[in-house]
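The block underneath contains the structure these notes are about, expressed in structure tokens.
The values are calculated or read from the model by the stated rules, or taken from the named source; none is laboratory data. Quick caveat, the model's predicted, so the values are computed rather than measured. Cβ placement follows ideal geometry from the backbone for every residue including glycine, while neighbour counts extend to all protein chains displayed.
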């Protein structure tokens, strides 16, 4: 099923996952609030990342650095000088775009069109699909897309905005909304939010809301190294808010002005960075798949244009309703960050290696996940509309959110079949027992069928019903969300049954 992003956003709002911020005041662009279900989904994903990253690694520790930092931090990191987006306006639609995103998306459409045409031609000619790559590289649109990306990378690397403007006109790249190819000249815009620190306006110091969480880790590197008594290789992990003044905040929660990152900076001996770069690439892809994202909807995409600090960089991309987009970046950052902070602060940020008998500035491998993007990925993949049997023997359309059980906002729902005292008493007793171990909901309103459908849409993997037979033999029905299978179990076994199916430790062991 092809899922429309607006439909997903409406579903997320209706169910209580994600709300437009300040909606009673007509909202504020690029900012969203997480509702009762959304905050649980987000919290569960973050918890499993933290457990897999910190709990499972004896050489990775956690940190929670401040959002506001000394302004010199951002001078040292290069953000004051280099943290700009190249922007362009379409003269007809009046819409503003990041020019690199605009050109990249156009190149991707050319590649997709070329692949469809080549596959159709090969199928008609009876050619084996093993020759797809060779045939694809001969296609004019595919070659054009490659030229576009190469020219884009060169212009970005040289910060040649006039070359980008010329590229838009020469290639006649259309506005996605109006189709017009009339563009303003490309210009740059700094993405950092600034504010003032101090009680007196005239004496206040300009500071920035952090545009990423990594710099807090680098600045605290010597303190963590000393207090945690770590030896290279080791990592520092952090989950926190970051802020970017995105001119074009769009695609629901994919690109926001206030967002949350899950980052880990892994410090290694110079010369070993390539090994660790590939090691963390494999680990991070495996984590996403283990959390339920389909392998065919994930891919690596190496950067054509490297950031000022990077030696190598790749993205883990997920197939959203609007195409493959980044959910995590893995970067080989060299010693750029620690060296720059040592230069700007005048402090030594070195590690003494007892084995080598000398000091050096470690190189860094970074893994950085967009938590909000990951929430969107799971919502996009999990949202399903399918035909399901009714109690009367017919069929009806049901909306079900097929999330991995460990990240489901509500893991268990307990229902009395009817609203009678003896049923309610049993159901309440089971609910009171289970809520100390799982996120549990209790509901007695409406027919049992409607309650099942309601919690299917919330992503609840298990529903337990107390019925007439429960009053006779103390057994209950456990219904599975995805396959609709039901099993009959004694109430005394329910907790252990759920623990087997919702075991974080078993999930971690299988990583």
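Answer yes if at least one residue in the stretch 368-378 is touching a strand residue (DSSP E or B) at 6+ places or on another chain (Cβ under 8 Å), within 24 Å of residue 483 (Cβ to Cβ), assigned by TED's automatic domain parsing to the domain that holds residue 32 and not in a strand (DSSP E or B), and no otherwise.
There is at least one residue in the stretch 368-378 that is touching a strand residue (DSSP E or B) at 6+ places or on another chain (Cβ under 8 Å), within 24 Å of residue 483 (Cβ to Cβ), assigned by TED's automatic domain parsing to the domain that holds residue 32 and not in a strand (DSSP E or B).
Which residues, counting only those in the stretch 139-197, are more than 22 Å from residue 93 (Cβ to Cβ) and outside any helix (DSSP H, G or I)?
139, 159, 160, 190, 191, 192, 193, 194, 195, 196, 197
Identify the single condition in (1) in contact (Cβ under 8 Å) with a residue 24 or more places away in the chain; (2) assigned to a loop (DSSP other than H, G, I, E, B); (3) exposed (fewer than 15 other Cβ atoms within 10 Å of the Cβ) that residue 403 does not satisfy, given that it satisfies every other one.
If we test residue 403 against (1) in contact (Cβ under 8 Å) with a residue 24 or more places away in the chain; (2) assigned to a loop (DSSP other than H, G, I, E, B); (3) exposed (fewer than 15 other Cβ atoms within 10 Å of the Cβ), just (3) comes out false.
In the stretch 452-468, how many residues are more than 28 Å from the chain's Cα centre (by Cα) and either free of Cβ contacts under 8 Å to residues at least 12 places away in the same chain or not assigned by TED's automatic domain parsing to the domain that holds residue 498 (or both)?
Qualifying residue count, the stretch 452-468: 0.
Scanning for something buried (at least 18 other Cβ atoms within 10 Å of the Cβ), closer than 21 Å to residue 76 by Cα and under 17 Å from the mean Cα position of the chain (by Cα), does the stretch 266-288 turn up at least one residue?
The answer is no, given that none of the residues of the stretch 266-288 is buried (at least 18 other Cβ atoms within 10 Å of the Cβ), closer than 21 Å to residue 76 by Cα and under 17 Å from the mean Cα position of the chain (by Cα).
Quick test of your reading of the structure: residue 295 fulfils all but one of (1) on the phi > 0 side of the Ramachandran plot; (2) modelled with pLDDT of 95 or more. Name the failing condition by number.
Checking residue 295 against (1) on the phi > 0 side of the Ramachandran plot; (2) modelled with pLDDT of 95 or more, the one that fails is (1).
Scan the stretch 435-456 residue by residue and report those that are surrounded by fewer than 19 Cβ atoms within 10 Å (Cβ to Cβ) and closer than 23 Å to residue 503 by Cα.
435, 436, 437, 438, 439, 442
Among the helices (runs of 4 or more DSSP H) lying completely within the stretch 1-114, list those that include at least 2 residues that are within 30 Å of residue 455 (Cβ to Cβ).
5-15, 36-50
Residue check, residue 45 against (1) farther than 30 Å from residue 155 by Cβ; (2) in contact (Cβ under 8 Å) with a residue 60 or more places away in the chain; (3) more than 17 Å from the chain's Cα centre (by Cα), all met but one. Which one?
In the conditions (1) farther than 30 Å from residue 155 by Cβ; (2) in contact (Cβ under 8 Å) with a residue 60 or more places away in the chain; (3) more than 17 Å from the chain's Cα centre (by Cα), residue 45 misses (3) alone.
For residue 72, state whether it is exposed (fewer than 15 other Cβ atoms within 10 Å of the Cβ), modelled with pLDDT of 85 or more, under 30 Å from residue 239 (Cα atoms) and touching a helix residue (DSSP H, G or I) at 6+ places or on another chain (Cβ under 6 Å).
Yes, satisfied.
Within the stretch 413-451, count every residue that is in contact with a helix residue (DSSP H, G or I) (Cβ under 8 Å, 6 or more places away or on another chain), in a loop (DSSP other than H, G, I, E, B) and free of Cβ contacts under 8 Å to residues at least 40 places away in the same chain.
Within the stretch 413-451, residues that are in contact with a helix residue (DSSP H, G or I) (Cβ under 8 Å, 6 or more places away or on another chain), in a loop (DSSP other than H, G, I, E, B) and free of Cβ contacts under 8 Å to residues at least 40 places away in the same chain number 4.
Scan the stretch 258-284 for residues that are assigned to a strand (DSSP E or B) and either under 20 Å from residue 55 (Cα atoms) or touching a helix residue (DSSP H, G or I) at 6+ places or on another chain (Cβ under 6 Å) (or both) and jot them down.
Those that are assigned to a strand (DSSP E or B) and either under 20 Å from residue 55 (Cα atoms) or touching a helix residue (DSSP H, G or I) at 6+ places or on another chain (Cβ under 6 Å) (or both): 259, 260, 261, 262, 263, 264, 265, 266, 267, 268.
Run down 481, 495, 509 and say which single residue is surrounded by fewer than 18 Cβ atoms within 10 Å (Cβ to Cβ) and in contact with a helix residue (DSSP H, G or I) (Cβ under 7 Å, 6 or more places away or on another chain).
Going through 481, 495, 509 in turn, just one is surrounded by fewer than 18 Cβ atoms within 10 Å (Cβ to Cβ) and in contact with a helix residue (DSSP H, G or I) (Cβ under 7 Å, 6 or more places away or on another chain): 495.
What is the one condition in (1) in contact (Cβ under 8 Å) with a residue 24 or more places away in the chain; (2) loosely packed, with under 15 Cβ neighbours inside 10 Å; (3) over 24 Å from residue 381 (Cβ atoms) that residue 26 does not satisfy?
In the conditions (1) in contact (Cβ under 8 Å) with a residue 24 or more places away in the chain; (2) loosely packed, with under 15 Cβ neighbours inside 10 Å; (3) over 24 Å from residue 381 (Cβ atoms), residue 26 misses (1) alone.
I need the full set of residues from the stretch 289-323 which are outside any helix (DSSP H, G or I), under 16 Å from the mean Cα position of the chain (by Cα) and crowded, with 16+ Cβ neighbours inside 10 Å, in order please.
291, 292, 293, 298, 314, 315, 316, 317, 318, 319, 320, 321
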